[in-house]
Structures are given as C-alpha cells and as structure tokens.
Amino acid sequence: MKRTLALLVLGFSLALAQTRGGELRVAILAEPPVLDPTASTSQEIPRMLYDNVLQGLVRFNEKGEIVPALAERWQGSPTSLTWTFYLRKGVRFHNGSPFTAEDVVFKFTRARDPKSGHTHPEYYQDIQSVEALDPYTVVFRLRQPNQDFLFNLARPDSVIGPKGRVEEQKTNPIGTGPFRFVAWERGVGVRLERFDGYYEPGLPYLDRVFFRFLPDQNAQLAALRAGDIQVIGLGVSPENALVLQRDPAFKVVTGFTTTEITVGMNNSRPPFNDPRVRRAMQYAVDKKALVEGVMLGFGTPIGSHRSPGERCYEDLSGLYPYDPARARALLQEAGYGPNNPLRFTFTLAAPYPYERRLGEAIAAQLSQIGVQARLEVVEWATWLSRVFRGADYQMTIIGHSEPHDIGIYANPNYYFRYDSPRFRELYTQYLRTPDPNRACEVMKAMQRLLAQDAVNLWVMNAPYIAAMRREVMGWWQNQPTPSLNVTRVYLAR
Amino acid sequence: MQGFLLRRLLLALVTLWLAASLVFAFLLLLPGDPVQAILGLEASPEARAALERTLGLDRPPLRRYLDWLGGLARLDLGESIRYGKPVAELLRERLPLSLALVFLGLLGALALALPGALLAVRFSPLDLALSGLVAFLQSLPTFFLGVILLYLFAVHLPLLPASGFPGWASPEEALRHLLLPALTLALSRAAILFRMARASLLEVLSQDYIRTARAKGVPEALVLLKHALKPASLPLVTLLGLEGGFLLTGAVVVEAVFALPGLGSLALTALEARDYPLLQGLVLAMAGLIVLFNLLVDLLYGLLDPRVEYA
C-alpha cells in the first residue's frame with residue numbers, strides 16, 4: 001500500500017517536474033592523470049567521459065548490452081571476417097568539424113599500431129585493415145574471427161576523436177557526446193557543458209555537469225549532506241549507504257558491477273603452487289558471512305572470474321561450500337598441521353577500503369583453521385610494482401573492475417602466474433568461435449576450469465552503491481561499464 | 001646585519017639543495033614508477049617503453065639528477081610527469097591557497113591563544129578550564145577535528161561550504177571556503193601557543209619590574225598588556241616560526257579533509273603518481289617557506305628585543 005502511494009506521488013511529481021536544465025555536481029574518488037582513455041587505463045577517465053563526452057562506434061547500455069552509438073547499424077559477414085559499419089549522418093564533433101569515416105580509419109589505424117602509445121593495441125590485433133568505402137561506410141577486415149571484436153569496439157579505449165588529434169586529446173578531449181568538455185581544474189574537478197549540436201534530439205537534459213575529485217569518503221558524505229554535491233557517483237561505504245537510506249532527503253542506488261573482488265594467489269610460489277593448498281583456501285572462507293558481516297549485506301558471492309551481470313555467467317559460488325574440516329584435511333595432505341602451520345604474507349593495497357576490510361576478515365577466518373596469514377598493507381604504487389608487475393607476493397586481494405576480463409588467465413605472466421595450456425586452448429577456441437551461443441558454452445567451460453584449478457579465491461561481485469539527493473532522476477542502477485552516464489539524468493523540481 | 005643576512009641566505013640555499021636531493025634519492029628507493037601510474041594496470045610493454053622515453057626516465061638516475069640541478073640553476077623546475085605542465089606553473093596555481101590557509105591558521109591560532117592566555121593568568125578559575133580545553137584540543141587528530149567542524153558548520157548549521165575551492169575570482173567566496181579549514185588548523189595549533197604564552201606570561205609576571213609597576217599603582221590590565229605582553233611574546237615568536245612549518249604539514253591533512261587544491265593535496269598526488277619533478281619542486285617550495293619563516297622570526301626577534309644581536 002505504502003509502495004503504491006509512493007509510486008502515485010512519484011508519478012504525480014514526475015508529471016509536474018521540470019526536467020531540463022540545471023547543474024549536477026558529482027563526487028568521484030580520484031583525479032586521473034590525463035583525460036584520454038586511449039592514453040591511460042585509469043578508470044576515472046571513462047567514469048567521467050565515456051559516452052558523456054567521448055563515443056565510439058558502439059557503446060554499452062545500462063544492461064551492459066552493445067548498442068549503436070556513432071554507427072547506426074553494422075553487419076558481419078557469415079565468416080565473421082568482414083564487418084561493415086554504417087555511420088550516423090550529420091554528426092559533429094564539439095569543435096564543429098563533421099564526423100566521417102576518415103576519423104574512424106585514423107582512430108583504428110593508430111589503435112592497432114603498438115608503437116603509437118595507444119593503451120591496448122592487443123584489442124585490435126586481429127584487425128587486418130580499416131577502410132572507408134564512402135564518408136559514411138567503414139569496413140573492417142579481420143585476420144581471423146574474434147568473438148570479442150564488437151565488445152572491444154564498445155570499450156572506452158575505442159572512443160573516436162577528430163582525425164589527427166592525439167596529444168591535445170589528453171588535456172582537452174573533443175568528442176561527439178551529449179556534453180562537451182569545458183575545463184579541467186587541476187586538483188578540483190572536471191566541468192562539462194551541454195552540447196547543443198548533439199545528434200539525439202532533446203538530449204541531454206542537464207545544462208552542466210561538474211565531476212568533483214573528493215578522495216575522502218567522509219568528505220564526500222559531508223559534501224553531499226551540505227549540498228555541495230548532489231551525487232556520490234560510486235564507492236559509498238555500506239555503513240554510509242544504510243545511514244543515507246533512512247534519510248528522506250537522499251536515496252541510495254544499488255546494483256551490479258563488473259568487479260570481481262579476488263584473493264589473488266601466486267600459483268608459481270610456495271605455498272600456493274600446491275593446488276591442495278589453494279583448494280583448502282576455498283573451503284576455509286565463508287563468503288556469505290563476509291557479505292553479511294563485512295559488507296552489511298551488499299555484494300554477491302561468486303565462484304570464478306566473472307560477474308553475475310555479464311553474459312555467459314556460470315554460477316560457481318557453491319562449488320566449494322564453507323567446510324573448515326575439509327580445508328584442514330586438505331592442508332594436512334599438503335603437509336601442514338598444528339605442528340607445522342601454514343604461514344604466508346597477505347598483501348593488502350592501502351587505498352581500497354572494501355578489499356582491505358575483506359582481507360582482514362578473511363585472515364581472521366583462516367586463523368580458525370590454524371592458518372597464519374601475516375597482513376601487510378602497502379601503498380598503491382608499491383602494490384603495482386611489486387605485486388602486479390613483479391609477482392613478488394604470496395597472497396593479495398584486489399577488485400578486478402574491467403568488464404569481461406577473463407582473458408588475463410590466458411597470460412602466464414599475469415601476476416597470478418597461472419600457467420594452463422588447457423585454459424589457453426579454451427580461450428583461443430572461445431575467441432575463434434563465430435557463433436555466440438557456442439562461444440558462450442566455451443566461456444562457461446573456462447569459468448569452470450578456473451574454479452576447479454582454484455587459481456584464486458573469488459570472493460564476491462562488488463556492489464555498485466551510489467548515493468544522491470532525492471531530486472536526482474535517471475541515474476544508472478548498475479555499472480556494467482566504468483562510466484557514470486549522465487545523458488538522461490535530470491533534476492526534478 | 002648584512003653579513004648575517006648573507007650567511008643565512010647561503011645556509012638557506014644549502015638547506016634547500018639538501019632537502020631536494022634527499023627527496024630525489026628517496027624516490028629512487030621507493031617502489032613504483034610514474035609510467036605505471038599514468039598508463040594504468042594493463043599497459044603493453046611497448047607503450048611503457050614509449051612513455052619512458054618521452055619522459056626521459058630511460059636515462060640513468062645520476063644523469064637525471066644533474067639535469068635537474070642544471071635546470072634549477074636556470075630557475076627551471078622542470079615539467080610535471082603526471083600533469084604535463086611546468087612545475088613552476090603548478091606551484092604558482094596552488095601556492096596562494098596554501099599560504100592563505102597557513103596565514104589564516106596562524107592568525108586564528110594567535111587570536112585564540114593570546115587572549116586566552118591573558119585571561120588565564122588573570123583569573124585562576126578560568127585557567128584550569130582553559131588549560132583543560134586546550135589539552136583536549138591538542139589531543140584530537142587534525143582530520144578528526146576537521147570532520148567535526150565540517151559537520152557542525154556545514155551540515156547541521158549550514159553556514160559555510162563543506163569543501164572545495166572556487167578560485168580567487170571572488171575573494172569573498174574564497175574566504176568563505178577557507179574559514180572552516182583555517183579554523184581547524186587554528187584550533188589544533190592554538191593549544192601549544194596558549195601553553196607557551198601562559199607559561200611565559202607567568203614567568204614575566206614574577207619579575208621585579210612587574211612588582212614595581214604594580215606597586216606604583218598601574219592597573220592590572222595595563223600591567224599585563226603594556227609591561228608583560230611584549231617580553232612574554234619573545235618565546236612565542238620563536239614558536240611561531242616553528243609553527244609555520246607545522247602548519248604547512250598540518251595543511252596537508254586539512255586540505256585532504258576539505259578537498260582544497262593546495263600544495264598539500266598536490267604533494268599527495270605527486271607522491272602517489274611518483275611524479276619526481278613535481279615532488280622535488282614541492283619539497284623545494286615547502287623547505288623554502290620554512291626557511292623563510294625562520295628568517296622572519298630571527299629578524300622579528302631583534303625588533304622585539306633590542307638586546308639580540310645578529311652575529
């Protein structure tokens with residue numbers, strides 16, 4: 001009853017609401033080093049700019065599906081080797097120049113050149129040629145079928161700027177999106193303004209958007225309550241979410257992300273080069289208790305390196321039920337016991353509060369079966385160079401936020417040091433299978449193989465928690481891409 | 001006096017060189033590198049190599065150090081790796097805010113501590129209360145104090161903005177944004193100033209000439225303000241010089257809590273990004289400020305006490 005009433009009131013206020021204009025101030029946690037997603041993989045760049053300012057041929061929608069953006073439609077040949085994209089006509093960049101096939105050709109010629117400094121040339125390796133048939137038709141020819149081709153074109157790395165502009169994009173990004181970039185105030189924030197020449201009529205609703213860098217969660221909460229900002233874009237802590245949920249002036253939006261919070265184990269080093277030890281870890285950790293106790297109910301347990309919101313997800317969270325006795329038995333088999341307890345260093349990255357808290361709780365759960373995990377907290381730059389690049393660690397925990405990133409397990413030099421010919425074979429098979437349904441089966445087999453090998457301990461899908469003032473409407477519920485899309489956001493008055 | 005100034009100046013230069021060189025050395029020892037920080041997690045080795053070349057990080061450390069010194073001789077602080085802008089320009093953008101913050105903080109601390117100390121030595125019941133309050137304030141961590149003030153003045157009584165800085169275009173707005181952070185600094189630093197002022201006032205008040213003044217029938221308030229305050233403020237001035245340095249470091253925390261784009265937050269960013277040139281420039285600037293504070297204090301000392309000689 002209460003709900004119907006609320007809906008009625010909501011409907012009524014929507015009818016009266018003024019939906020155009022106004023400024024939206026959004027807090028994000030960090031300042032990126034540059035503003036071009038093709039120059040740095042910092043997630044803060046797409047957070048502010050993907051689809052708001054910079055667009056590609058295709059894009060992800062709220063559900064994570066691939067939908068048209070600068071390409072009106074596209075067609076793959078039956079062999080999946082030739083892809084024809086028909087571009088939207090009459091599109092202009094924010095600097096006034098028209099968007100044509102030339103810009104697309106320039107972009108992808110640069111992207112697949114490893115010497116160009118483009119972030120991920122490997123995404124485009126299978127592209128043999130990019131050609132403009134006419135100003136509004138582009139043909140991509142592939143060397144071999146690539147199941148992820150369209151997905152890679154929707155990534156933030158694939159956004160398209162005006163032909164010939166490379167260096168300037170880093171500090172003064174020009175795109176085709178609903179908002180144009182106005183200013184980057186160093187240390188303060190990034191200002192966007194409504195782009196009047198946007199091709200979708202009537203969009204966007206807001207006049208201005210201000211992304212403010214607020215690194216401290218307490219400062220974010222205070223700024224929201226004081227009205228300095230209207231939205232905390234992501235990373236609201238579970239406690240703060242519960243507090244704000246009770247306050248009628250605010251609302252909390254929760255949904256899924258593509259972040260797998262992963263306890264990484266160094267598969268090439270003792271003690272975790274022994275699969276029995278890695279399996280023991282799976283039985284010794286109670287994921288449900290972690291969701292309830294540490295995350296106050298936010299988050300979904302997972303059992304392999306894929307998020308429930310992603311395509312071809314296989315739920316493996318029940319593969320290793322919580323069973324301390326079985327964990328102990330496995331450890332005993334591997335040669336550890338009360339007289340010779342398993343000891344290792346568990347490295348936590350300082351700037352990630354979720355992961356740190358989960359790491360501490362996991363260490364506590366492990367101590368229940370006599371495992372001694374020594375916690376070590378390191379700064380982010382240290383984590384990157386020692387753990388991520390050097391694989392100089394035993395156990396660590398971090399959120400892998402990139403969507404659809406299971407391919408990292410096909411790289412034996414990745415910091416997990418998981419070296420499995422079988423997995424690499426499956427991954428290649430997945431990539432080369434043109435039929436999406438059959439590729440999906442292979443994707444599921446990949447997830448199962450990872451879980452059986454107990455490469456890592458996948459704890460949970462990190463919850464997406466955003467908080468905002470009541471009047472902010474149209475905010476995305478989920479975070480299938482690292483983007484805070486404000487195209488259809490408006491302020492009800 | 002001139003010889004004194006010259007010697008101090010030379011000493012200052014050596015101090016600055018040492019500070020910046022130490023930072024250079026420490027950064028080499030720290031794990032992590034700017035290229036990774038810029039490119040992010042999954043950069044290809046080719047992209048890394050290309051960026052390293054552009055940034056000049058492929059050259060040996062000694063060479064980089066000498067280049068940097070050479071630039072310094074030409075008053076060129078180099079270019080920030082993360083922001084791709086001249087370090088001097090970044091410093092110029094941020095310096096006014098930090099200076100204003102430190103100045104307001106000092107002023108506020110003095111404005112709280114001096115009258116407090118005068119009241120405390122005049123009325124003994126107040127003494128206990130003020131000393132207790134001050135001890136309490138001193139024991140609070142600065143960031144915690146900042147968050148409390150933030151909630152009090154920006155959220156519950158929305159009088160002042162909670163955070164951020166609008167720039168200097170409208171000085172009034174700028175001041176409004178600086179008030180809360182300055183108050184945080186002032187409250188956290190007032191404690192030590194209060195204790196110092198109180199102790200030195202008490203000491204001065206036990207001197208013979210004060211007794212003479214009182215015996216001559218000078219009103220107590222005048223005794224305090226005219227005869228006791230000036231000599232009692234000498235140790236205070238020394239302390240202020242030191243506090244200038246503390247305030248700069250305290251400002252780092254306060255700038256983080258209130259999201260102010262000052263030198264402190266810039267230093268945090270520079271450290272996280274392993275932005276060597278920027279961090280060196282910042283250390284140089286901060287060390288320069290501290291040296292300057294101390295020099296001013298020395299000079300002020302002579303003005304307040306003619307017996308001090310510059311040698």
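The values are calculated or read from the model by the stated rules, or taken from the named source; none is laboratory data. Note that the structure is a prediction, hence the values are computed from the model and not measured. Every residue, glycine among them, receives a Cβ derived from its backbone with ideal geometry; neighbour counts consider all protein chains shown. Heads up: the accessible areas ignore ligands, DNA and RNA and are worked out on the full protein's heavy atoms, side chains in. Shrake-Rupley method; radii C 1.70, N 1.55, O 1.52, S 1.80 Å.
Figures for the structure shown
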quantity	calculated
Kirkwood hydrodynamic radius (C-alpha pairs) into Stokes-Einstein, the protein assembly as shown, 37 °C and 0.692 mPa s, D in µm²/s	110 µm²/s
Under 5 Å, built H, 5+ apart or other chain: amide partners of A:LEU348	A:GLU376, A:VAL377, A:VAL378
Proximal lysines to A:LYS89, defined as alpha-carbon separation beneath 23 angstrom and excluding residues fewer than eight positions away on the same chain	A:LYS107, A:LYS163
Folded to 0 to 90 degrees: helix B:45-55 orientation relative to chain B principal axis, Cα	60 degrees
Antiparallel DSSP beta bridges within the protein assembly as shown, percent to nearest 5	75 percent
In order through the range B:248-265: 3J(HN,Hα) via Karplus (6.51 cos²θ - 1.76 cosθ + 1.60), integer Hz, x for Gly, Pro	4, 6, x, 4, 4, 5, 5, 4, 5, 5, 9, 6, 9, x, x, 4, x, 5
Stretch gain in nm, segment A:ALA350-A:ASP196, where the contour uses 0.36 nm per residue and the Cα spacing is subtracted	51.2 nm
Mean-position separation - Cα centroids, the range A:380-408 and the range B:239-285, in angstrom	29 Å
Label-to-label distance, nm, for residues given as B:LEU292 and B:TRP168 (7 Å Cα→Cβ offset)	1.2 nm
Span-rule helices in chain A, defined as complete DSSP H runs reaching 24 Å or more along the axis (Cα) with Kyte mean at least -1.0	A:436-453
Inter-part distance where the range A:56-73 and the range A:324-347 are each reduced to a Cα centre, Å	49 Å
Residue-level accessible surface for A:TYR352, protein heavy atoms, 1.4 Å, Å²	80 Å²
The range A:344-493: C-alpha gyration tensor shape, a/c 1.5 cut-off, then a/b vs b/c	oblate
Distance in nm between pseudo-label sites at A:GLN372 and A:GLU23 (7 Å out along the Cβ direction from Cα)	5.8 nm
Förster-model FRET efficiency, 30 Å R0, A:VAL67 and A:LEU133, C-beta, rounded to 0.05	0.85
Residue range of chain B that is longest and free of GluC sites (Glu not before Pro) which are both DSSP loop and sparsely packed (at most 16 other C-beta within 10 Å)	B:43-308
With Cα atoms, 0 to 90° folded angle of helix B:171-205 axis to chain B main axis	50 degrees
Residues A:ASP435 and B:PHE26, FRET efficiency given R0 of 45 Å [Cβ-Cβ distance, rounded to 0.05]	0.20
Estimated FRET transfer efficiency (B:LEU69, B:ASP208; beta-carbon r; R0 51 Å; 0.05)	0.35
Size of the range A:429-493 as Cα extents on the principal axes (Å, biggest first)	53, 31, 14
Euclidean distance of C-alpha centroids, the range A:221-254 and the range A:151-199, integer Å	28 Å
Projected label distance in nm at A:LEU296 and B:LEU99, using a 7 Å step from Cα toward the beta-carbon	4.4 nm
Flagged links, alpha-carbon separation over 27 Å, of A:LYS63/A:LYS444; A:LYS115/A:LYS444; A:LYS170/A:LYS444	A:LYS115/A:LYS444; A:LYS170/A:LYS444
Calculated from backbone phi, Karplus (6.51, -1.76, 1.60) coupling profile of the range A:22-31 in Hz, x at Gly/Pro	x, 10, 10, 10, 10, 8, 10, 6, 9, 9
Area of A:LYS89 that stays accessible when all protein chains are in place (1.4 Å probe, Å², to 10)	140 Å²
Loop-located chymotrypsin sites (Phe, Trp or Tyr not before Pro) in the range A:15-99 whose Cβ has at most 10 other Cβ within 10 Å (DSSP)	none
Distance-filtered residues of the range B:148-173 - backbone nitrogen under 15 Å, label point 7 angstrom along A:VAL243 Cα→Cβ	B:148-157
Label point 7 Å beyond Cα of B:GLU89 along Cβ direction - residues of the range A:18-60 with amide nitrogen under 19 Å	A:32-36
In Å², nearest 10: area of B:MET196 left accessible to a 1.4 Å probe	70 Å²
Convex hull of Cα atoms in chain B, direction-averaged projection (nm²)	20.8 nm²
Computed log₁₀ I(q)/I(0) - Debye formula, equal Cα scatterers, no solvent, the range A:267-395, q 0.17 Å⁻¹	-1.04
CD proxy at 222 nm, helix term only [per DSSP H run n ≥ 4: -39500 (n - 2.57); per residue of the protein assembly as shown; nearest 500]	-14500 deg cm²/dmol
Cα-based reach from B:LYS226 at 22 Å (exclusive), listing lysines while leaving out same-chain residues under 8 positions away	B:LYS216
Per-residue ³J(HN,Hα) for the range A:401-418, Karplus 6.51 cos²θ - 1.76 cosθ + 1.60, θ = phi - 60°, Hz, x for Gly and Pro	8, 5, x, 6, 10, 5, x, 4, 6, 7, 9, x, 8, 5, 5, 6, 6, 8
